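The values are calculated or read from the model by the stated rules, or taken from the named source; none is laboratory data. Bear in mind the structure is a predicted one, so any value in this text is a computation, not a measurement. Methodologically, a virtual Cβ is constructed for each residue, glycine included, from the backbone with ideal geometry; neighbour enumeration extends over all protein chains shown. Remember, those area values only see protein heavy atoms, side chains included, never the ligands or the DNA or RNA. Shrake-Rupley method; radii C 1.70, N 1.55, O 1.52, S 1.80 Å.
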Amino acid sequence: MGSRGIKDAVAIVGMGCTRFGERWESSTDDLLLEAVGECLVSAGLQRDDVDAYWLGTLASGQSGLTLSRPLGVDYRPVTRVENYCATGSESFRNACYAVASGAYDRVMAVGVEKLKDSGFSGLLRSDPPSDGTASELSLTAPAAFSLLDPAYSAKYGVDPTAMREAMTHVAWKNHVNGARNPKAQFRKEVSRETIAGAPKVAGRLGIFDCSGVSDGAAAALVVRAEEAYDYTDRPIFVKALALAAGPMRGGLDPAYDFTSFPEVAHSAADAYAQAGVTDPRAQISVAEVHDCFTPTEILLMEDLGFSDRGEAWRDVLAGAFDADGRLPVNVDGGLKSFGHPVGASGLRMLYEAWLQLRGEAGSRQVDDARLALTHNLGGRPGGCVSFVSVVGSDRG
């Protein structure tokens with residue numbers, strides 16, 4: 001990778017996040033105002049103090065007007081971005097680069113999605129002709145991700161019963177964590193028996209192996225690192241921002257075996273190089289990853305370097321990634337507890353990192369959290385975009 005990175009050049013000095021869920025009572029405007037309002041209050045600023053905005057949304061707006069109108073920020077630059085399920089992370093990445101370049105002093109990244117009003121249980125999308133993604137439409141997302149389970153078991157000789165137990169543990173863990181989070185959509189623990197015995201959606205994926213659909217918004221205020229303490233006594237500093245877009249040959253390449261996301265491995269390696277992370281298992285305090293389906297989280301533990309190849313299922317069952325494990329993963333509940341409002345999810349992950357690194361996560365607080373990782377994935381096995389960030393409580 002050719003990234004030079006912007007380690008410790010910018011800092012987050014304010015964040016906001018709505019409650020995720022079936023927000024029938026709230027419009028897209030309402031969600032934006034709620035997230036942006038909390039973000040501004042946390043940084044002690046007004047809307048006009050922000051020089052520029054980046055807005056991430058898949059289907060809840062087509063331009064910067066989606067944000068400028070409800071906020072009443074007349075004639076400020078508002079850039080709307082979209083990059084599959086990594087859309088929220090993309091808005092943050094661009095906001096950080098805008099400040100690091102010196103173009104602006106204060107920039108806000110915002111992500112929003114209002115999905116429940118459609119009445120459908122999944123994501124709605126319309127693909128342009130020949131946009132490079134048409135081949136994936138022959139499989140639903142649950143069907144595509146269900147292939148990970150048998151492929152992983154076959155490659156590494158994992159008994160299907162043990163793999164099923166590991167998938168169940170991922171869902172159980174994330175629902176336990178989400179039950180302690182007032183902003184999660186699902187705030188109830190679910191027994192292992194209920195998870196394992198749930199009606200099937202695709203392959204061996206049951207209802208509780210799949211993330212839900214929800215509404216939500218989140219926002220982050222970014223400034224130059226040397227000015228961070230002018231806004232808060234506990235900023236968090238951006239160590240790495242890495243994005244990898246795959247060639248999307250997985251479905252056609254006989255060598256692709258559905259046991260890894262190469263894009264994730266590449267983006268993780270790039271992020272670690274930028275941040276100076278040489279041993280992620282020891283150096284990362286807490287991680288938020290894209291648990292769209294339970295086998296996804298298992299594979300991500302290996303692609304992110306948290307487990308050896310073929311060993312993640314064993315580490316999961318040993319509790320290595322539980323809230324009290326050696327490397328807590330998805331301590332806020334993850335997509336399993338929050339659902340997945342596409343434009344907001346990446347920033348929601350960052351919001352948990354913000355709380356953890358500031359010691360404000362309450363009953364979810366991880367001891368001595370110093371370095372956090374967020375991971376956002378868009379697409380599916382064989383062809384996706386992958387984002388990895390590393391943020392820390394100390395500069396330098």
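Over the chain, Cα pairs under 8 Å with separation of 6+ residues give a relative contact order of 27 percent.
To put it simply, the accessible area of the stretch 174-253 at a 1.4 Å probe is 53 percent carbon and sulfur.
In summary, the helical segments of the chain meeting the span-like criteria, namely a full DSSP H run, a Cα extent along the axis of 24 angstrom or more and a mean Kyte-Doolittle hydropathy of at least -0.5, are 342-358.
When the C-alpha to C-alpha distance is required to be over 27 Å, the pairs from LYS155/LYS200; LYS7/LYS116; LYS116/LYS336; LYS7/LYS173; LYS114/LYS336 that qualify are LYS7/LYS116; LYS7/LYS173.
For VAL201, the amide hydrogen comes within under 5 Å of the amide hydrogens of GLY206, ILE207, counting only partners 5 or more places away or on other chains and with H modelled in the peptide plane. Ranked by the mean number of other Cβ atoms within 10 Å per residue, highest first, peptides 330-340, 17-27, 247-257 order as 330-340, 17-27, 247-257. Mind jotting down the distance between the C-alpha centroids of the stretch 165-199 and the stretch 90-111, whole Å? If you average the Cα positions of each part, the centres end up 35 Å apart. Ordering GLY325, PHE293, ALA369 by Cα displacement along the dipole of the stretch 226-370 toward the positive end leaves PHE293 in first place; charges were set at the Cβ atoms of Lys, Arg (+1) and Asp, Glu (-1). Projecting the Cα positions of PHE208, ILE236, LEU252 onto the charge dipole of the stretch 208-255 (unit charges on Cβ atoms of Lys, Arg, Asp and Glu, taken about the Cα centre) puts LEU252 furthest along the positive direction.
Each residue of the stretch 53-61 was assigned a 3J(HN,Hα) from its phi angle through the Karplus expression (A = 6.51, B = -1.76, C = 1.60, θ = phi - 60°), giving 10, 10, 10, x, 7, 7, 9, 9, x Hz with x at Gly and Pro.
If you place +1 on the Cβ of every Lys and Arg and -1 on the Cβ of every Asp and Glu, how big does the dipole about the Cα centre of the stretch 51-106 come out, in debye to the nearest 20?
Values: 5 positive and 5 negative charges, 12 e Å.
That gives a dipole near 60 debye.
Net charge dipole, the chain: roughly 280 debye, given to the nearest 20, about the Cα centre with Cβ charges of +1 for Lys and Arg and -1 for Asp and Glu.
Can you tell me the dipole magnitude for the stretch 162-321 around its Cα centre, using point charges on the Cβ only (Lys, Arg +1; Asp, Glu -1), in Debye to the nearest 20?
Values: 16 positive and 22 negative charges, 116 e Å.
Charge dipole, the stretch 162-321, about its Cα centre: 560 debye, nearest 20.
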